[in-house]
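Asks: I'd like to ask some things about the structure below.
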Amino acid sequence: MTEWLDRAEALDALGIRAQTLYAYVSRGLIEARRAPGRRHSQYRAADVATLADRRGRSRASAAIAAGAMAWGEPSVVTAISTVHRGSLIYRGRDAVAFARDASLEATADLLWDSPEATLFDVPADAAATPFLALAGLLQEAEAALGRGHHRLCRDARRAVAHLAASCGIPEGRAPLHQGLARLWSLDAATADRVRQALVLLADHELNASTFATRVAASTGAPIAACLMAGLSALSGPRHGGAAAAVLRFVDEAAATGPRAAVRACLDRSGALPGFGHPLYPDGDVRAAALGAVLPADPLLDAVRDCAAEATGARPNIDFALTALVRTAGLPRSAPFTIFLLGRSLGWAAHAMEQGRQGTLIRPRARYEGQRRPADRP
């Protein structure tokens with residue numbers, strides 16, 4: 001059997017779309033390389049055969065459970081959000097349409113199923129980092145188990161307000177996007193784009209940080225502790241830190257040219273940061289919505305076109321956040337700040353929902369190690 005397959009051969013063997021193939025590469029399931037003199041990547045035949053065999057044979061219950069942990073079948077019941085046929089839904093409402101005009105505060109009311117108008121009292125004396133801001137609340141926090149929804153919403157408002165303060169938002173009760181506008185000296189149009197980005201990032205079904213939040217909530221942990229669990233997962237470079245890789249990729253494109261940067265990145269890893277998303281085979285609707293209101297950026301336009309020509313993948317939300325940073329002159333830390341403040345609302349919603357369900361999230365591990373001590377000579 002040949003060692004490497006071209007893209008058409010790999011797609012035919014697996015019976016999948018190109019975007020799914022790129023997702024397999026980014027997750028390390030299929031090794032990719034750039035063949036000398038070829039425009040497209042090649043894919044290790046043995047990896048493709050392994051995945052094809054896994055997809056083709058009947059799946060035992062253990063395999064189904066394992067598959068659910070990585071973009072598999074839905075495994076947690078929620079009424080907060082979902083991605084359905086390429087659309088992001090917040091409690092029955094199209095999130096893209098909702099984000100056109102809604103504030104982050106109105107988004108909190110929607111996701112938290114709260115009848116009152118949420119305002120965040122940003123304190124003046126919060127800790128200097130998000131982790132310490134949340135940790136400081138734990139000294140007086142009460143376990144969420146058995147507490148009423150109104151009290152939990154109050155705890156969530158306080159936790160988000162302390163996160164906002166730790167990000168540098170000035171003290172007060174102004175909408176959070178306006179606080180960021182003051183912090184970053186933004187004009188009204190740019191502040192509104194930041195508002196839209198915050199709302200689009202408020203929730204995204206059962207992503208890694210939300211799952212971490214729900215695990216913590218299932219133990220009865222206080223809301224602030226649940227948000228700390230979400231923050232820990234968000235900080236990784238494959239989640240909320242992904243925009244940093246996109247910024248470095250764009251820096252490379254500025255230095256060497258978009259086409260050379262795309263080629264070099266594919267040679268290194270077989271995938272492009274900021275492009276493709278397994279839940280959006282036809283393109284990330286959040287990125288499309290945000291990109292539609294951003295000023296043109298010739299460099300990013302060229303990167304997008306070269307990426308599409310080389311891989312067929314479309315920009316995701318991390319690419320859109322990078323575009324927002326470049327066109328608005330925001331600090332390079334801004335994508336994580338926007339991601340954190342927006343997603344903290346979803347974390348709080350999931351923590352409250354998990355608490356109401358009252359079940360402990362405790363999956364079993366499939367042990368593959370040694371089952372008894374080795375015999376000693």
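Asks: Compute the relative contact order of region 261-377 as a whole-number percentage, counting only Cα pairs closer than 8 Å that sit 6 or more residues apart in sequence.
Replies: 23 percent
Asks: Given Cα pairs under 8 Å that are at least 6 residues apart, what percent is the relative contact order of the chain? Before the final figure, lay out each step's value.
Replies: Values: 564 pairs, mean separation 80.2, N = 377.
Reported as a whole number, the value is 21 percent.
Asks: Here is a follow-up. If you filter region 260-354 for trypsin sites (Lys or Arg not before Pro), then keep DSSP loop positions with at most 14 other Cβ within 10 Å, what is left? Please list the in-between numbers first.
Replies: Details: sites: Arg263, Arg268, Arg286, Arg304, Arg326, Arg332, Arg343; in loops: Arg332.
For trypsin sites (Lys or Arg not before Pro) across region 260-354 that sit outside H, G, I, E and B with at most 14 neighbouring Cβ atoms in 10 Å, the list reads Arg332.
Asks: Of Ser81, Thr213, Ala202, which is farthest along the charge dipole of the chain in the positive direction, counting Lys and Arg as +1 and Asp and Glu as -1 at C-beta?
Replies: Positive-most Cα among the choices belongs to Thr213.
Asks: Take region 199-299, drop everything but the C-alpha atoms, weight them equally and run the Debye formula without solvent; then report log10 I(q)/I(0) at 0.22, 0.24 Å⁻¹ to two decimals.
Replies: For region 199-299 at q = 0.22, 0.24 Å⁻¹, log10 I(q)/I(0) is -1.23, -1.31.
Asks: Right, something else. Consider just the alpha-carbon atoms of region 178-257 and return their Rg together with their Dmax, both in angstrom.
Replies: Answer for region 178-257, Rg first and Dmax second: 16.4, 52 Å.
Asks: Now, a different point. Counting only heavy atoms of protein chains, what accessible area per residue, in Å², does the chain have with a probe of 1.4 Å?
Replies: Accessible area per residue, the chain: 48 Å².
Asks: Further, regarding this structure: Along the charge dipole of region 123-169, Cβ charges K/R +1 and D/E -1, which of Cys153, Ala165, Gln139 sits furthest on the positive end?
Replies: Comparing the listed Cα positions along the dipole, Cys153 ranks first.
Asks: Taking Cα centroids, how far is region 77-102 from region 279-349 in Å?
Replies: Cα centroid to Cα centroid, the span is 18 Å.
Asks: Looking at the calculated P(r) for region 293-371, what percent of the C-alpha pair distances fall above 16 Å?
Replies: Across region 293-371, Cα pairs with separations above 16 Å total 69 percent.
Asks: If Rh is defined by the Kirkwood formula over all Cα pairs and Rg also comes from Cα, what ratio Rg/Rh do you get for the chain?
Replies: Working: Rg = 22.1 Å, Rh = 22.2 Å.
On the Cα set of the chain, Rg over Rh gives 1.00.
Asks: Continuing with the same structure: With +1 on each Lys and Arg Cβ and -1 on each Asp and Glu Cβ, and nothing else charged, work out how big the dipole of the chain is about its Cα centre, in Debye to the nearest 20.
Replies: Taking the Cα centre of the chain as origin, the dipole is about 1000 debye.
Asks: Computing the accessible area with a 1.4 Å probe over protein heavy atoms, can you report the carbon and sulfur percentage for region 93-167?
Replies: Numbers: 1880 of 3600 Å².
It is 52 percent, rounded to a whole number.
The values are calculated or read from the model by the stated rules, or taken from the named source; none is laboratory data. Note that the structure is predicted; figures quoted are calculated from it, not measured. Here the Cβ is made from the backbone with ideal geometry for all residues, glycine too, and neighbour counts use every protein chain on show. Quick note on the areas: whole protein, heavy atoms, side chains included, nothing else; ligands and nucleic acids left out. Shrake-Rupley method; radii C 1.70, N 1.55, O 1.52, S 1.80 Å.
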